[in-house]
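**Q** Right, I'll just put the structure down here and ask away after.
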Amino acid sequence: MNRDGQIWWPTEAAMKGEKYLKSLKNKSVLTADDFLPARDFLRPKMALFVDYNKVLIDGPTFKNLPNFVMNPQHCTNLVIRNVQINNGYRAQNGDGIDISSCKNVMIYKCTELQAMMVFV
């Protein structure tokens, strides 16, 4: 929770991520390790396909992603099958498959599980 209690953050690192990333602007050379302290703040898409033709995604399992798992954009002849997506209740935008401006898409035999948080 942030100081005023209005925004819930999954971790303290996520809450401080934006400030940390701004501190990197003055660094002339950045490596992947420089971004590790901000990884809870950054919310990358797992699989992003843009402008492809004849795409087959068959059989992967994705788990606990903070953003869209798959986000095909402007693809043609796209088949997604036998995909399993498991996101916990903390997935802020844990959409499983988000199709955007694609043609001839077939999705079948896919499962998305979203764990719910129960307060007792």
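The values are calculated or read from the model by the stated rules, or taken from the named source; none is laboratory data. Everything quoted here is computed from the prediction, not taken from an experiment. A quick note on method: Cβ atoms are made from the backbone with ideal geometry, for glycine too, and the neighbour counts reach across all protein chains shown. All accessible areas refer to the heavy atoms of the entire protein, side chains included, with ligands and DNA or RNA removed. Shrake-Rupley method; radii C 1.70, N 1.55, O 1.52, S 1.80 Å.
**Q** Give the residues of the stretch 62-78 that are at pLDDT 95 or above and either surrounded by fewer than 18 Cβ atoms within 10 Å (Cβ to Cβ) or among the polar types (S, T, N, Q) (or both), sorted by residue number.
**A** Within the stretch 62-78, HIS74, THR76, ASN77 qualify.
**Q** Would you say LYS25 is open to solvent by 80 Å² or more (accessible area, probe 1.4 Å) and assigned to a strand (DSSP E or B)?
**A** When the stated conditions are applied, LYS25 does not pass them.
Residues are listed down the side, and each one gets a yes or a no for (1) farther than 30 Å from MET106 by Cα; (2) open to solvent by 60 Å² or more (accessible area, probe 1.4 Å); (3) assigned to a loop (DSSP other than H, G, I, E, B); (4) not small (Gly, Ala, Ser):
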| site | (1), (2), (3), (4) |
| --- | --- |
| TRP8 | yes, yes, yes, yes |
| ALA14 | yes, no, no, no |
| LEU21 | yes, no, no, yes |
| PHE41 | yes, no, yes, yes |
| ILE80 | no, no, no, yes |
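**Q** Among the residues of the stretch 47-61, which ones are hydrophobic (A, V, I, L, M, F, W, C) and open to solvent by less than 90 Å² (accessible area, probe 1.4 Å)?
**A** ALA47, PHE49, VAL50, VAL55, ILE57 - these are the residues of the stretch 47-61 that are hydrophobic (A, V, I, L, M, F, W, C) and open to solvent by less than 90 Å² (accessible area, probe 1.4 Å).
**Q** Then there's this: Given the criteria of a type in the set (A, V, I, L, M), free of Cβ contacts under 8 Å to residues at least 12 places away in the same chain, in contact with a helix residue (DSSP H, G or I) (Cβ under 8 Å, 6 or more places away or on another chain) and over 16 Å from CYS102 (Cα atoms), does LEU21 qualify?
**A** Values: of a type in the set (A, V, I, L, M): yes; free of Cβ contacts under 8 Å to residues at least 12 places away in the same chain: no; in contact with a helix residue (DSSP H, G or I) (Cβ under 8 Å, 6 or more places away or on another chain): yes; over 16 Å from CYS102 (Cα atoms): yes.
For LEU21, the condition - of a type in the set (A, V, I, L, M), free of Cβ contacts under 8 Å to residues at least 12 places away in the same chain, in contact with a helix residue (DSSP H, G or I) (Cβ under 8 Å, 6 or more places away or on another chain) and over 16 Å from CYS102 (Cα atoms) - is not met.
**Q** I'm told SER100 meets every condition in (1) open to solvent by 70 Å² or more (accessible area, probe 1.4 Å); (2) more than 22 Å from LEU113 (Cβ to Cβ); (3) at pLDDT 90 or above; (4) under 20 Å from the mean Cα position of the chain (by Cα) except one. Can you identify the failing condition by its number?
**A** Failing condition for SER100: (1).
**Q** Can you tell me which of (1) assigned to a helix (DSSP H, G or I); (2) among the aliphatic types (A, V, I, L, M); (3) at pLDDT 90 or above is the one VAL55 doesn't meet?
**A** Looking at each condition in turn, VAL55 falls short on (1).
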